[in-house]
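See structure below.
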Amino acid sequence: MHQLNHGISFILGGARSGKSSFAEGLITASGLELVYVATGRAWDEEMSVRIDLHKAQRGSSWHTIEEPLDLVDTLQGVAADGKAILVDCLTLWLTNLMMAERDITAETRQLVQALPKLQGSIVLVSNEVGLGIVPENRMARDFRDHAGRLHQAVAQAAATVYFVAAGLPLTMKG
Amino acid sequence: MHQLNHGISFILGGARSGKSSFAEGLITASGLELVYVATGRAWDEEMSVRIDLHKAQRGSSWHTIEEPLDLVDTLQGVAADGKAILVDCLTLWLTNLMMAERDITAETRQLVQALPKLQGSIVLVSNEVGLGIVPENRMARDFRDHAGRLHQAVAQAAATVYFVAAGLPLTMKG
Amino acid sequence: MHQLNHGISFILGGARSGKSSFAEGLITASGLELVYVATGRAWDEEMSVRIDLHKAQRGSSWHTIEEPLDLVDTLQGVAADGKAILVDCLTLWLTNLMMAERDITAETRQLVQALPKLQGSIVLVSNEVGLGIVPENRMARDFRDHAGRLHQAVAQAAATVYFVAAGLPLTMKG
């Protein structure tokens, strides 16, 4: 069985790969105080249904914070010894930053610099999006580049990195 | 060398990853009676050429069954001790179910429930499709979701799970 | 730490996965004479910016050769004991071959046949593009097929194969 470490864990996987469930299992088994930081924003009904379904599946032992943009402030405010925080997910946060026309390079650098100083256990979940054909759409290519660079930086800051496919974790680091 | 196990093996990989060849090699080396369940349907000439090429590469030691939709019945009818069955592939089966407007949740649940009861060795091959940019097309997103959920459930039912890239298998389970 | 082997190494990864940086680190640490074979062609400004950025990041200890098409001749001309050659990347080479309407099957077969005879250390980098939804565009599907087949053949010829995600290498072979 995989165990939650103190410090940063990073869980990367595809769409419907079971990465969030794996992250939740890891954190729930830790016996720590559970905090869920949801970065998803309900842009449309499809998304809204997904978010509600996810919340229901998670159950009531979690304290949930919804924060689409100011992730660094949120983490700095809530991270503490004895707590396990799940951030689900970095790719939705990136999407929100792009939609809000924030400075992505600055914001992601701020996150990466803040991570090593946070107390407790932090689990960051993200979608790998760079293993398909080059998208025709420029914005999608930019997004893919931002996500890839962020994943490299977060993986470097993390003590443990998992790649999840078909619900199965593969340890990439740690 | 990897060896075929009794029970369920699941082989996941990308397009042209060599997943089918790896599956065929695994099964051929088993010395069991070989059954090939082809779920592919020739919708157009491109597909038809692929299917014929695949059949020619496989050779004549296989008994081939073409079944685009009723996979569970087919498996229950043919699975037996001493037989090795290759299902190629689950993503084409899902595509056919969607085209035929079948109830995908019900059909995939039926498959997953049937798997543990089948005799002999069963190897299921499928395409990982969730590691690119979110598709703009709603049907493609739904397909991706169905495939991801099915892969998680099949991986859970399987004794052995491989991820294949560039023709090389990575053991995810077993 | 991973070490550069004599012979062929193959590094596969997604967009912005850190595959080129990993390849450069591997080669730089070898102490061999460094040769960089860039297959990228600046079709537009976006690409041109990427190429220049990459060159600046690499530094001045490399001898750089730009060769969009005749990769086999270039490798045969430059490969030698005591040299480490980085080819970045095979997918751009394939793109150039398609644009130039070359015979891809013949050209890729020629590369694969030439690889075992080359002296020194050769590191080939390529993009995995087959793990997303089937592209709607026929040319993209053909490209994906060519890339997948080439990756299988190169992986077979290679002594070492890595899959890189989030900057972290996973040894697939060797």
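Residues of the range C:111-122 that are of a type in the set (S, T, N, Q) and in a helix (DSSP H, G or I): C:Gln113 alone. For the range B:80-102, filtering for residues that are under 17 Å from B:Ala153 (Cα atoms) and either surrounded by fewer than 17 Cβ atoms within 10 Å (Cβ to Cβ) or among the hydroxyl-bearing types (Ser, Thr, Tyr) (or both) leaves 1.
What are the residues in the range A:153-173 that are more than 21 Å from C:Arg16 (Cβ to Cβ) and either within 14 Å of chain B (Cβ to nearest Cβ) or modelled with pLDDT under 95 (or both), if any? Of everything in the range A:153-173, those that are more than 21 Å from C:Arg16 (Cβ to Cβ) and either within 14 Å of chain B (Cβ to nearest Cβ) or modelled with pLDDT under 95 (or both) turn out to be A:Ala166, A:Gly167, A:Leu168, A:Pro169, A:Thr171. Kindly check whether there is at least one residue in the range C:159-168 that is without any contact (Cβ under 8 Å) to a residue 60 or more places away in the chain and surrounded by fewer than 18 Cβ atoms within 10 Å (Cβ to Cβ). Checking the range C:159-168: not a single residue is without any contact (Cβ under 8 Å) to a residue 60 or more places away in the chain and surrounded by fewer than 18 Cβ atoms within 10 Å (Cβ to Cβ).
For the range C:70-79, the criterion of being farther than 18 Å from C:Tyr36 by Cβ and loosely packed, with under 15 Cβ neighbours inside 10 Å is met by none of the residues.
Taken residue by residue, the range B:97-110 has no member that is among the hydroxyl-bearing types (Ser, Thr, Tyr) and assigned to a strand (DSSP E or B).
Criterion applied to B:Val134, B:Val129, B:Val125 was being outside any helix (DSSP H, G or I), within 26 Å of A:Gly132 (Cα to Cα) and touching a residue at least 40 places away in the same chain (Cβ under 8 Å), and the one residue passing it is B:Val125.
For the range A:83-101, state whether one or more residues are over 13 Å from the mean Cα position of the chain (by Cα) and among the hydroxyl-bearing types (Ser, Thr, Tyr). No - not one qualifying residue is present in the range A:83-101. Taken as a whole, the range A:4-21 holds no residue that is part of a loop (DSSP other than H, G, I, E, B), farther than 30 Å from C:Val164 by Cβ and more than 14 Å from chain B (Cβ to nearest Cβ). More than 14 Å from the chain's Cα centre (by Cα) and hydrophobic (A, V, I, L, M, F, W, C): is that true of A:Ala80 in this structure? The answer is yes for A:Ala80. Annotation for the range C:46-60: at least one member residue is in contact with a helix residue (DSSP H, G or I) (Cβ under 7 Å, 6 or more places away or on another chain) and surrounded by 18 or more Cβ atoms within 10 Å (Cβ to Cβ). For the range A:27-53, the tally of residues that are part of a helix (DSSP H, G or I) and within 14 Å of the chain's Cα centre (by Cα) stands at 1.
I'd like the residue in the range C:102-152 that is among the polar types (S, T, N, Q) and away from chain A (no Cβ under 11 Å) and, out of all such residues, is farthest from C:Val35 (Cα to Cα). Residue satisfying both the conditions and the ranking: C:Thr105. The set of residues in the range B:54-72 that are over 16 Å from the mean Cα position of the chain (by Cα) and part of a helix (DSSP H, G or I) comprises B:Ala56, B:Gln57. Against the condition at pLDDT 95 or above and out of contact with any Asp or Glu (no Cβ under 9 Å at 6 or more places or on another chain), how does A:Val123 come out, does it pass? It is false that A:Val123 is at pLDDT 95 or above and out of contact with any Asp or Glu (no Cβ under 9 Å at 6 or more places or on another chain).
Screening the range A:1-58 for residues that are of a type in the set (S, T, N, Q) and closer than 26 Å to A:Gln76 by Cβ and picking the one that is modelled with the lowest pLDDT gives A:Asn5. Scanning the range B:78-92 for residues being outside any strand (DSSP E or B) and under 22 Å from B:Asn5 (Cβ atoms) gives a total of 7. Have a look at A:Leu92, A:Leu118 and point out the one that is of a type outside the set (D, E, K, R) and under 26 Å from B:Arg144 (Cβ atoms). None of the others qualify; the one that does is A:Leu92.
The values are calculated or read from the model by the stated rules, or taken from the named source; none is laboratory data. Predicted, not measured: the structure shown is a model, and the values here were computed from it. All Cβ positions, glycine included, derive from the backbone under ideal geometry; neighbour counts span all protein chains shown.
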